[in-house]
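Chemist: Below you'll find the structure I mean.
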Amino acid sequence: MYRRRTQLAATIFLIACFSGCGATRPMKYYVLDPGPAPAASGGAQYPITLLVGRITASHLYRDDRLVYGSGPVQLGVYSYNRWAEPPADMIQDLLVSTLRSSGQYRAVSTLSSNVRGDYVVRGHLWAISEVDQPQLMARFSLQIELFDPSTRTTVWSSRYEHDEPAQGKTVQSVVEAMDKNVRAGLQQLASGVSEYFASHPVQQPAAN
């Protein structure tokens, strides 16, 4: 009887060990890499300092887990596939980089810096997720607006929303499609900001 109990205990222990080993999966982290910064356009140098505020978003996009769509009204998150940093923070950094690399502004910084700005770029991240209807795609939706602190008014606003088809059926293929989508979206929105200032010239302060 004692021998049987010992054998049973050993068997249970081995099953638990194998179950634990089988349940362990490697964590995978992903980053958006839109590639090299685009060359400065050579357009007008606006005498403006832009401050980019923190991108607002739902709690899903302030977490590092990748989000996927499950039907038209349901979202889920991957447990073992994660962003290297929360998407809302990642998009803010990329927006700063995109505006700065245009070479059209006196300076572009984050709102949390000590730099004084002429205008504040504010944004809301509506979606950065995988969708699978009708096919596997990377959905990116971002709205930004230009706020004038001197008049406390929003002078311009635009929204980008697009589903970029993935070239495969893996999470990595979705992230690669997201790279392309985010790059296109930020360039389109940055161009919109530039067009606003082109049509609304900022008056230089009169020299003493």
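The values are calculated or read from the model by the stated rules, or taken from the named source; none is laboratory data. Keep in mind that this is a model prediction, so the values were computed, not measured. Note that each Cβ is placed from the backbone with ideal geometry, even for glycine, and that neighbours are counted across all protein chains shown.
Chemist: In the stretch 128-141, what residues are free of Cβ contacts under 8 Å to residues at least 60 places away in the same chain and crowded, with 17+ Cβ neighbours inside 10 Å?
Modeler: L136, M137, A138, F140, S141 - these are the residues of the stretch 128-141 that are free of Cβ contacts under 8 Å to residues at least 60 places away in the same chain and crowded, with 17+ Cβ neighbours inside 10 Å.
Chemist: Mind checking which residues of the stretch 81-99 are hydroxyl-bearing (S, T, Y) and surrounded by fewer than 21 Cβ atoms within 10 Å (Cβ to Cβ)?
Modeler: Within the stretch 81-99, just S97 meets the criteria.
Chemist: From the residues in the stretch 54-80 that are closer than 16 Å to V174 by Cβ and touching a Gly at 6+ places or on another chain (Cβ under 9 Å), which one is surrounded by the fewest Cβ atoms within 10 Å (Cβ to Cβ)?
Modeler: S70
Chemist: Just to be sure I understand, how many residues within the stretch 109-149 are β-branched (V, I, T) and either over 11 Å from G53 (Cβ atoms) or at pLDDT below 95 (or both)?
Modeler: Number satisfying all stated conditions: 4.
Chemist: Exactly one of (1) exposed (fewer than 14 other Cβ atoms within 10 Å of the Cβ); (2) touching a residue at least 12 places away in the same chain (Cβ under 8 Å) is unmet by L111. Its number?
Modeler: (1)
Condition check ((1) in a loop (DSSP other than H, G, I, E, B); (2) under 19 Å from Y119 (Cβ atoms); (3) polar (S, T, N, Q)) across all residues:
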{"site": "V155", "(1), (2), (3)": "no, yes, no"}
{"site": "D163", "(1), (2), (3)": "no, no, no"}
{"site": "A184", "(1), (2), (3)": "no, no, no"}
{"site": "Q188", "(1), (2), (3)": "no, yes, yes"}
{"site": "V193", "(1), (2), (3)": "no, yes, no"}
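Chemist: Just checking, which of S102, S157 is of a type in the set (G, A, S) and either under 13 Å from the mean Cα position of the chain (by Cα) or surrounded by fewer than 17 Cβ atoms within 10 Å (Cβ to Cβ) (or both)?
Modeler: S157 is the lone residue from the list that is of a type in the set (G, A, S) and either under 13 Å from the mean Cα position of the chain (by Cα) or surrounded by fewer than 17 Cβ atoms within 10 Å (Cβ to Cβ) (or both).
Chemist: Here's something else I'd like to know. Go through the stretch 165-182 and count every residue that is in a helix (DSSP H, G or I), small (G, A, S) and crowded, with 19+ Cβ neighbours inside 10 Å.
Modeler: 1
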